[in-house]
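Read the structure below first, then the notes.
The values are calculated or read from the model by the stated rules, or taken from the named source; none is laboratory data. Note that the coordinates shown come from a computational prediction; the quantities given were computed from them, not determined experimentally. Counting neighbours? That spans all protein chains shown, and the Cβs are built from the backbone with ideal geometry, glycine included.
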Amino acid sequence: MRTLGSLLTHIAQANYNYAAGIIGTKSDVDIAAPGALKGRDEIVAAVAKSFEFTHAAISTLTTKNAFESVRGPMTRISMAGGVVVHVADEYGQLVEYLRMNGMVPPASEKK
């Protein structure tokens, strides 16, 4: 089982990997770098930057390039779908982590 920090750095790494696939190039960020982070602020900043990079990559999709192959059978659009599914899966794990530690996930809070 991963720690909360390692789960978050995994999300950042995966975001960079998928987003680089969408763009069809390597990331400007070393994909392994977030895995070495330890401090809360560093990890949160790395996750935020990975989502910024992912949003920028997804914004490059067009009807003309969406189905271009970028990694063998993977297309730009399948990479975009992959990052969405991956984040949803990891979010589920984050929810369980919070609940096991007696916390209510923000999306479950009653307002």
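Taking the stated definitions as given, is Thr63 part of a loop (DSSP other than H, G, I, E, B) and either hydroxyl-bearing (Ser, Thr, Tyr) or in contact with a Cys (Cβ under 9 Å, 6 or more places away or on another chain) (or both)? When the stated conditions are applied, Thr63 passes them. For the structure I just gave you, tell me whether Ile11 is surrounded by 17 or more Cβ atoms within 10 Å (Cβ to Cβ), touching an Asp or Glu at 6+ places or on another chain (Cβ under 8 Å) and closer than 21 Å to Tyr97 by Cα. Yes; evaluated as a whole, the condition is true for this residue. Among the residues here, Ile58 qualifies as surrounded by 15 or more Cβ atoms within 10 Å (Cβ to Cβ), closer than 14 Å to Ala20 by Cβ and in contact (Cβ under 8 Å) with a residue 12 or more places away in the chain. Of all residues in the stretch 22-55, those that are within 22 Å of Arg76 (Cα to Cα), without any contact (Cβ under 8 Å) to a residue 40 or more places away in the chain and not aliphatic (A, V, I, L, M) total 12.
Taking each residue of the stretch 1-21 that is within 16 Å of Gly81 (Cα to Cα) and modelled with pLDDT under 95 and looking for partners that are assigned to a loop (DSSP other than H, G, I, E, B) and of a type outside the set (Val, Ile, Thr) with beta-carbon atoms closer than 6 Å, six or more apart or interchain, yields Tyr16/Ser27; Ala20/Lys26; Ala20/Ser27.
Here is a yes/no grid of residues against (1) of a type in the set (Lys, Arg); (2) farther than 27 Å from Ser6 by Cβ; (3) more than 16 Å from the chain's Cα centre (by Cα):
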position	(1), (2), (3)
Gly35	no, no, no
Asp41	no, no, yes
Ala45	no, no, no
Phe51	no, no, no
His55	no, no, no
Ser59	no, yes, no
Ala66	no, yes, yes
Gly72	no, yes, yes
Arg76	yes, yes, no
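Of the residues contained in the stretch 34-42, one or more are found to be modelled with pLDDT of 90 or more, surrounded by 12 or more Cβ atoms within 10 Å (Cβ to Cβ) and outside any loop (DSSP other than H, G, I, E, B). Counting just the residues of the stretch 67-83 that are out of contact with any Ser or Thr (no Cβ under 7 Å at 6 or more places or on another chain) and either in contact (Cβ under 8 Å) with a residue 60 or more places away in the chain or in a loop (DSSP other than H, G, I, E, B) (or both), which one comes out surrounded by the most Cβ atoms within 10 Å (Cβ to Cβ)? Only one residue fits best here, namely Met79. Candidates Ala45, Ala88: the one that is in a helix (DSSP H, G or I), surrounded by 11 or more Cβ atoms within 10 Å (Cβ to Cβ) and of a type in the set (A, V, I, L, M, F, W, C) is Ala45.
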